[in-house]
Structures are given as structure tokens and as C-alpha cells.
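The values are calculated or read from the model by the stated rules, or taken from the named source; none is laboratory data. What you see is a predicted model, and the numbers here were worked out from it, not measured in a lab. Ideal geometry is used to build each Cβ from the backbone, glycine not excepted, and the neighbour counts take in all protein chains shown.
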Amino acid sequence: MAVTVRIPTILRTYTAGSAEVSAQGATLAEVIDDLEANHPGLRARLLDDAGKLRRFVNVYVDDDDVRFSEGLATVTGEGAKLSIIPAVAGGC
Amino acid sequence: MSTIELDAPELASSFGPAVALSCRECGARVPLGPQYVCVECFGPLEIAYDFTAPGRAPITRELIESGPASIWRYAPLLPVPADVASKPNLNPGWTRLVRAENLGRELGLRSLHIKDDSGNPTHSFKDRVVAIALEAARTFGFTTLSCSSTGNLAGAVGAAAARAGLDSCVFIPAGLETGKIVMAGVYEGELIAIDGTYDEVNRFCSELIGDEAGEGWGFVNVNLRPYYAEGSKTLAYEIAEQLGWRLPEQIVIPVASGSQLTKIDKGFKELIALGLVEDAPYRIFGAQADGCSPVAAAFRDGHDVVQPVRPDTIAKSLAIGNPADGPYVLDIARRTGGAVESVSDKEVVEAIRLLARTEGVFAEPAGGVTVGVLRKLVETGKLDPSAETVVINSGDGLKTLDAVAGAGLTATIPPSLAAFRSARS
């Protein structure tokens, strides 16, 4: 499945400055593998040593936080739009 | 872990005792700048200080007490220049610490104080954090002050930008309380409602920051977040100073992202390290509403990670379903022997009324959450009723009148003594 991935500013050093890149994969895990193949170094920024999403990384597939669905097993359909966003917050 | 020293003396002096940004996850350090995420591990960056560097005046109680009646009396403990108070700003802080004997008696507490931050210029604690972010924005040359907000921050940013002569553009979730919208819009900066939850607004701002449309903007709770968050330390400093340079034995703090709670802990630790207060144990309790209680749920279940939730509560200023500082709140509550607890919206409203009836303090729902949780902690034996306790009220009930819409007239009568006697009989 071909998807597009929105890259946050701090990771654009891995994508030659591109804010958005194309990738392949039927699940988030496969998309991350494909990103790593084309932009080496990205995977280690997104996943910890145990291969899980780092706790301060939020990934959205078509506007849905993958933590509300299947995490790395979340299905990424044809044309899906992914966003990688650092966790920030306001409030108290 | 890498350490990068500041190489620009003028930049260093702009941030007072602050020396670097440090990752809370992996400890990597980077120079002070408008960054908020660790490039190594995505962890949050926070300010690292050197309070005792050669040439820096010792920080004493007397030095602080001779300062202005605002957060700037603590300037030597904040990432701001020494002359910060002379620049146009809202001069927030030094709010009252109310000795709450009536409420304490009702709840069975020996000693209770309310730190009433509704007394800030825009009626919430947000003026503290925005003041620090505003100064950082000036230093970095930003001309627009921006934020994602659950309401209180919107007003604080609008007012601070107006006073400082900066533009502002503030993003809020659609459906906020009318009072908060008006109190943010009156400053006539841009105020944009996003059709989504606070977490979605936050996400939008994170994307905007990497886009041309957001260039030159200081987002107080995104790219200025390390500076902004430090403002909450002043709550800790003020409480300790107002108690006579003592730490409270117990404190109940509202938890949305968890930032305020973690910074109050940081403030207490700094006061101890600098010898400004006695090194005495304190217990920190976090308060959430049931309708948005991911941190309380993680605490209850013994987890050290926080599963995000979709918020549904009247306490909109605490309605953050994906709390960035949640794991640190869990660490602190467990380390200090405290807890994180939640109450229902019904209990929140009851607590707002209880606080108003007993102490004459009208709190917004976030204050109802802390007082409601305080009551629950007493009733369940988790809080020691004989220990000195402080509870935070972070905002003003005038912004959220709908929460207590049932309160009002006792009677409507003609202007006659007979009618008055009759109405009261």
C-alpha cells in the first residue's frame, strides 16, 4: 500500500528536509520498515530498543491515534496519510 | 550523553541561571533555543540550571523577599534575565494563600490552605507560565505569540501579547465555555476555534510549527514549552515562602498534561537544594476528573505508562486525553507517597459549591476537581488529616458559570417587609 507520511521538523534531517515522504506498507510496522530502508536512522527515532513506539512519539493514521487502534499493527490502507508528532501538551 | 556549552554570552545572560536544555528521558543536552523535543529519543526537553556558577549572587531568602510582589521575585531561579520585571508584561503571581479553616473543619483537616491562582491578571495560573514564555519569545525574536488552549491559556496569551506589543494567534477547540472565549477574544488577537478536541488542536499546532505559516511564531506550549513550563515552579516557591519558608506536608494539584505537578515538585527540590527550606518530606497528590483520568487510572492499575483517553468532562481545562507528563506524575506520586485520584463531574460541582460556601472562593471546575479529590482522599484515608495540606485552585469560576448554573436567587419578592418575612418563613 502506498501511503504518505508527514515528518516533524526534528526528523527532517533524515528526509533531506522533506516535510512529507511516500512509503509502502500494509501496517504501521511495515511502513516504518520501508521508511528505514529509504531514510536510514528514522526507525531508531520512532521505536525503542524493544521495538515498541517510543512513549513520546504519537503516530496518527488518517487522523486516528494508533494507540486507540492496533499500535504498530494498525492497518495502513492505500493512500493513507500518516503523521508523526512529538507529544506536547498544555493545561495544568 | 552529550553536553554542548553555550558559546554566546549575551544569550546566556538572557536566560539567567539556565545553562542548557536537557532531555528528561535520556539526559542529552542541547543549547538553549526554541526546541522542545530531544533529537535523540523524542523525549521532552527541560531547562537545566547552574544556580551556583562563579560570579552569580547567592540566592537567599532576603534577596527574594526584597523583590517585587510577583513571580519576578524568583527571577534568580527562572530562565529569565535579571531585568525581566522592567519589560512590559502582566507581572503575575504572588497570589494569596488562603488559610481555609472552614473547609478544613468541614473535611476534618487540621491545617488546610488554598493557593488561589484565580487572582492572577487573567484569572488563572496560566499567566505565570506565559510570562516566562513571553520573555523567551522576545529573546528568540518571535513576533507572534501563539498556543493551543483549553481556554485559560488563550486569555493569558492574548493579554500578554497585547501588553508586550506582539501579535497573537490562539487556537482553541470549538465548544469551549462562552466566558473563556470572550475573555480570550477581548484582546483582539486572532482567536481560531478548531472543530476537534484539545488533543487535536495540539496536534494541529505541532504540524503548523513545521510549516511556513507558523514561521517566526512562538507557540508558548510547543516550541517555547521548556521555558513556559518553568513558570509553574513559582507556585512551589510562593507556597513555601507564604508558609514561612516551609514546604507543606501534603499538596493536591490538578493534572491535565501533568506539567504543573512535575514543576511544583521540581520547585520544592530546588528550594531544598539551595537551603532555602528545611529538607522535610512532602507528599504530592494529583487530581483529575473521571471523564478524563488517564493518569489516575494508570496510578490505580500500577502502570508506569499512560493510555490516552477521549475526554468527556465539564472540567475542560483538564480535558487532555494524552498527557505528555503523565509518566512523570506517576513517578512523583509514587516517590513521595502520594496518589493520583479522580472524581465525577457531580462531585466537581459539589466541590465548587463547598469551596464557595465555606471559604468564599469561587473556583472553575479544575478547582472543583482538586477540592473534590481532596475530600475523596480524606474519606478514603489516603491523605493524613493531621498533616499540613495545600490545595491548588488554578482558575476563576467566573469563566465557567455554566458549571454551577443552578445557583442563584433565593426568592423574588415585591419591595415590602411583609413579603420579605413571608419569603423567609
Meets criteria (hydrophobic (A, V, I, L, M, F, W, C) and part of a helix (DSSP H, G or I)) for B:I64: yes
Selected residue (only one of B:A363, B:A387 is farther than 27 Å from B:L153 by Cα and aliphatic (A, V, I, L, M)): B:A387
Among the candidates B:P415, B:P308, B:P385, residue that is surrounded by fewer than 22 Cβ atoms within 10 Å (Cβ to Cβ) and within 12 Å of chain A (Cβ to nearest Cβ): B:P308
Condition broken by A:S18, with the remaining ones in (1) within 19 Å of B:G210 (Cα to Cα); (2) touching a residue at least 24 places away in the same chain (Cβ under 8 Å); (3) surrounded by fewer than 18 Cβ atoms within 10 Å (Cβ to Cβ) satisfied: (2)
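Here's the yes/no breakdown for (1) farther than 22 Å from A:R54 by Cβ; (2) assigned to a strand (DSSP E or B); (3) out of contact with any Ser or Thr (no Cβ under 8 Å at 6 or more places or on another chain):
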position: B:R203; (1), (2), (3): no, no, no
position: B:A229; (1), (2), (3): no, no, no
position: B:Y237; (1), (2), (3): yes, no, yes
position: B:I253; (1), (2), (3): yes, yes, no
position: B:Q260; (1), (2), (3): yes, no, no
position: B:G267; (1), (2), (3): yes, no, no
position: B:L271; (1), (2), (3): yes, no, yes
position: B:V305; (1), (2), (3): no, no, yes
Long-range neighbours under 8 Å by Cβ, at least six apart or interchain, first residue touching a residue at least 24 places away in the same chain (Cβ under 8 Å) and closer than 21 Å to B:G267 by Cβ within region B:39-63, second part of a strand (DSSP E or B) and of a type in the set (K, R): B:A48/B:R29
Test for A:V31: is it crowded, with 20+ Cβ neighbours inside 10 Å and either within 27 Å of B:N221 (Cβ to Cβ) or touching a helix residue (DSSP H, G or I) at 6+ places or on another chain (Cβ under 7 Å) (or both): no
Selection status of B:S111, hydroxyl-bearing (S, T, Y), within 30 Å of B:E379 (Cα to Cα) and either in the same structural domain as B:S394 (by TED's automatic domain parsing) or surrounded by 21 or more Cβ atoms within 10 Å (Cβ to Cβ) (or both): yes
Residue that is farthest from the other protein chains (Cβ to nearest Cβ), among those in region A:67-87 that are of a type in the set (A, V, I, L, M, F, W, C) and touching a helix residue (DSSP H, G or I) at 6+ places or on another chain (Cβ under 6 Å): A:L72
So B:R283, is it under 30 Å from B:E200 (Cα atoms) and more than 11 Å from chain A (Cβ to nearest Cβ): no
Qualifying position, being farther than 18 Å from B:V98 by Cβ, within 14 Å of another protein chain (Cβ to nearest Cβ) and among the charged types (D, E, K, R), among B:K376, B:K316, B:K346: B:K316
